[in-house]
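See below for the structure under consideration.
The values are calculated or read from the model by the stated rules, or taken from the named source; none is laboratory data. On a predicted model such as this, the values are computed, not experimentally measured, just so you know. Every residue, glycine among them, receives a Cβ derived from its backbone with ideal geometry; neighbour counts consider all protein chains shown. Heads up: the accessible areas ignore ligands, DNA and RNA and are worked out on the full protein's heavy atoms, side chains in. Shrake-Rupley method; radii C 1.70, N 1.55, O 1.52, S 1.80 Å.
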Amino acid sequence: MNDNPTPTPDTDDAAERTVSIPPPAAPGAGQGDTVPGSADSAAQLIPAHQRVGPRPLDRPAVDPSSAAVFGRPSGVDGAFSPKAAAPAALGALNSVPPTPDALVSAFGRPAGQQDVILQRPPGAARAAAGDDPLWAEDSADPWRDPAAGAVIGPPALDRDDDSDTKTAKRAPGALLSVSEVLFGRRVKPVALGILGLVALLIGAAGGLVGWLVARGGDALTSDVTLAQAEAGKERPAGSVSDIAARVRPAVVSIEVKLEQGGGTGSGVLIDGAGYIVTNWHVVTLEGRADEKAKITTVFTDGSRVEAKLVGIDPKTDLAVIKVDVNNPTVLQFGNSDELKVGDSVIAVGSPLGLTDTVTEGIVSALHRPVVAGGDNGQSPITYDAIQTDASINQGNSGGPLVDSTGALVGINSAIRSSGQGNTGSVGLGFAIPSNDAKRIAESLIRDGSVKHADLGANVRSVSAETAEGAQVVNVNEGGAAARAGIAEGDVIRKVGDRHVRNAAELTVAVRTHQPGQTVPVVLARQGQELTIQVTLQSD
């Protein structure tokens with residue numbers, strides 16, 4: 001309750017209860033005196049029923065956990081902790097042991113001295129030690145002055161020392177430049193000459209030592225200049241390098257990609273319009289490729305051009321593709337019938353993906369019948385091959401075989417390996433003769449397909465002590481053999497001028513002629529030799 005309450009107006013009789021606040025009590029009024037206008041006199045003027053009583057105390061219940069944390073400790077009733085126990089009597093304390101004599105003699109007061117100070121006060125020290133030069137004002141050692149103040153600053157010096165003179169340093173002189181040393185006559189020329197001579201001698205000595213160390217470091221090494229032929233290697237016209245330089249730009253690497261898998265091979269440009277002759281098994285992956293297959297040609301300069309398939313001949317393993325290029329290098333066909341065994345030939349292609357590879361060999365044999373394929377219900381590949389020992393590997397297929405003039409005499413197609421997983425070259429490579437390749441390529445470019453002469457009979461190879469040939473197993477009804485009177489069991493030994501020793505030679509002998517051409521066929525029947533004129537049909 002305030003000492004000077006402010007009256008609150010009431011709506012019934014506000015004028016009756018309006019009072020004024022008296023001024024403060026006058027100085028000198030006693031504690032028991034009642035000053036007019038004071039709080040006590042004002043309280044006497046307010047009726048008892050209108051006085052404000054004290055507010056009721058609101059003591060909420062204390063949480064037991066809070067009481068346990070913030071309450072008085074157990075055994076404490078008041079607001080303060082109990083008083084500490086009185087200290088023990090002095091007699092119960094242990095006394096300090098006496099100081100050792102060594103410390104007393106070293107740090108104790110001199111005998112008979114009763115002063116309790118460690119040193120004399122500044123004024124008293126100077127007065128008492130007036131005759132002691134150690135404390136004199138002009139003492140030569142200010143460090144031993146006990147009256148000197150303890151401050152951090154420069155070391156104390158004698159008062160009569162000239163610090164500026166002793167601490168002053170000589171100002172550095174100007175540095176000399178190279179031009180001043182050489183041309184400013186600051187250094188004697190003789191000194192410069194001697195200095196240069198000394199530097200030259202040191203450098204020469206260091207170089208000599210390095211040279212000696214280098215020469216003597218390893219007895220197996222020394223300074224040497226190897227002889228080199230001044231004249232270049234002779235490459236006359238017709239050499240392998242000359243032929244390869246003219247042939248290689250016309251050879252391409254062929255890449256065939258399927259949705260799953262692919263393969264590579266080679267090809268040769270045969271026409272300025274962009275026609276390329278290659279193998280059937282290269283562009284079709286032996287018949288596995290479809291219309292979605294992508295064929296890409298890679299030239300020797302690295303350029304890549306997409307190719308389109310023009311036509312194929314599965315029976316002779318030949319195909320023609322076309323690329324859109326300007327002014328390509330092409331190879332001219334040679335006459336494969338003029339080849340002789342032992343003639344030099346060169347094979348160019350991309351064996352095992354190694355593009356632009358050149359190998360050399362000779363013609364090992366001519367008119368070598370080759371039969372390959374025939375899987376998946378397809379007719380076997382049969383052609384009259386040129387055998388060569390020029391190295392041919394997988395990837396050479398479709399590449400050119402050229403003679404010593406650089407003319408195309410064959411299309412590399414197959415090899416014969418030693419078996420047992422060895423698919424590399426063993427010197428037995430086979431190429432399709434250029435005369436056959438030229439005829440078939442022209443037909444594919446012109447018509448998109450090719451027709452071969454057919455005898456209309458199935459044969460097998462037979463041999464006897466006195467003869468060998470192709471025995472007729474059956475004759476196709478209405479075929480050329482049936483019309484000519486060839487019967488089952490006849491042994492065909494010759495077609496035209498070509499001797500037949502087996503079934504493969506009969507096929508290639510028949511295909512050397514054109515459909516509709518009539519040729520003499522020599523056969524053996526029941527021990528007799530007969531010659532029958534047969535008009536060949538188309539397959």
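Gain on full extension, evaluated as 0.36 nm per residue between S105 and S74 minus their Cα-Cα distance, stands at 5.4 nm. Ligands, DNA and RNA are left out, and with a 1.4 angstrom probe the accessible area of region 202-334 is 61 Å² per residue. Ranking of V330, V305, V495 by solvent-accessible surface, largest first: V330, V305, V495 (1.4 Å probe, protein heavy atoms only, all chains present).
For the residue pairs K294/K322; K257/K292; K292/K451; K315/K438; K257/K308, the alpha carbons lie more than 18 Å apart in K292/K451.
For region 320-466, which whole-number percentage of the solvent-accessible area (1.4 Å probe, protein heavy atoms only) is attributable to carbon and sulfur atoms?
Working: 3000 of 7050 Å².
Ligands and nucleic acids excluded, carbon and sulfur reach 43 percent.
The peptide list 430-437, 408-415, 69-76, put in order of mean Cβ contacts within 10 Å with the highest first, becomes 408-415, 430-437, 69-76. For the residues I386, I362, I532, a 1.4 Å probe over the protein chains yields an accessible-area ranking, largest first, of I362, I532, I386.
Rounded is the label for region 313-452, because a/c, from the alpha-carbon gyration tensor with a ≥ b ≥ c as root eigenvalues, stays below 1.5. Overall, the anisotropy analysis places region 404-503 in the oblate class: the square-rooted eigenvalues a ≥ b ≥ c of its C-alpha gyration tensor yield a/c not less than 1.5, with a/b not exceeding b/c.
Separation of region 462-521 and region 274-305 by C-alpha centroid, Å? After rounding, the separation between the Cα centres reads 36 Å.
In terms of packing, defined here as the mean over residues of other Cβ atoms within 10 angstrom, the peptides 319-327, 273-281 line up highest first as 273-281, 319-327.
Since only S461, V510, V491 are under comparison, the one whose Cα sits farthest along the positive direction of the charge dipole of region 423-518, derived from C-beta charges on Lys, Arg, Asp and Glu, is V510. Remark: the Cα gyration tensor places region 332-404 in the oblate category, a/c being 1.5 or greater and a/b not exceeding b/c.
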